[in-house]
Amino acid sequence: MNRVLGYLFILIYLALCFGVLTVWLPNFFMVNFPRPPEMGYRYITATGLPFGVLLVTVIARQSFKQFFSVTMFFQVFAAGGMLYAALYSFHYTQQSNFFSAAHLFLCAVGVAWNFHHHRKELARFQQAAAAAAA
């Protein structure tokens, strides 16, 4: 039963992600297509790439855990909140500068933290697998 509920929640989550993407993507291109892209940190934040890298590291780290990590949830929640605030205030430079810088800082610290701990957990997992195989 738990497996069925897990698959159901994953399917609902994916459907919501695709729904949000279909609503958000045309608006994003309509607003930003006429403007030339800048290589400032506000535009790097707006692409969502740092947030995607953070999500990948959280997924990789969570894959070795036997339980749900609240710490990683709050990493994603805080970085996602800053991304939302940066995108919401994108054309108000004074507010957007703070939120974009905070988002990039949280993503950079979270990625470094997750890489460090993932490497340690992977070594521990490999030692346990080698011990079980011997």
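Overview of results
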quantity: Condition met for VAL70 (assigned by TED's automatic domain parsing to the domain that holds ARG119 and either touching a Cys at 6+ places or on another chain (Cβ under 8 Å) or acidic (Asp, Glu) (or both)); calculated: no
quantity: Filter result (free of Cβ contacts under 8 Å to residues at least 24 places away in the same chain and under 13 Å from LEU54 (Cα atoms)) within the stretch 101-112; calculated: PHE105, VAL109, ALA112
quantity: Per-region count, the stretch 66-86, residues in contact (Cβ under 8 Å) with a residue 40 or more places away in the chain and either part of a loop (DSSP other than H, G, I, E, B) or within 22 Å of LEU25 (Cβ to Cβ) (or both); calculated: 1
quantity: Whichever residue in the stretch 48-69 is exposed (fewer than 12 other Cβ atoms within 10 Å of the Cβ) and at pLDDT below 85 and, among such residues, is nearest to PHE105 (Cα to Cα); calculated: LEU49
quantity: Residue match in the stretch 87-100 (condition: part of a helix (DSSP H, G or I), in contact (Cβ under 8 Å) with a residue 60 or more places away in the chain and surrounded by 14 or more Cβ atoms within 10 Å (Cβ to Cβ)); calculated: no
quantity: Filter pass, SER89 being more than 15 Å from the chain's Cα centre (by Cα) and polar (S, T, N, Q); calculated: yes
quantity: Boolean, PHE18 is modelled with pLDDT of 80 or more, out of contact with any helix residue (DSSP H, G or I) (no Cβ under 7 Å at 6 or more places or on another chain), surrounded by 11 or more Cβ atoms within 10 Å (Cβ to Cβ) and part of a helix (DSSP H, G or I); calculated: no
quantity: Residue list for the stretch 93-134, filter: among the hydroxyl-bearing types (Ser, Thr, Tyr) and in contact with a helix residue (DSSP H, G or I) (Cβ under 6 Å, 6 or more places away or on another chain); calculated: SER96, SER100
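The values are calculated or read from the model by the stated rules, or taken from the named source; none is laboratory data. Predicted model, so just to flag it, every value in this text is computed and none were measured. Ideal geometry is used to build each Cβ from the backbone, glycine not excepted, and the neighbour counts take in all protein chains shown.
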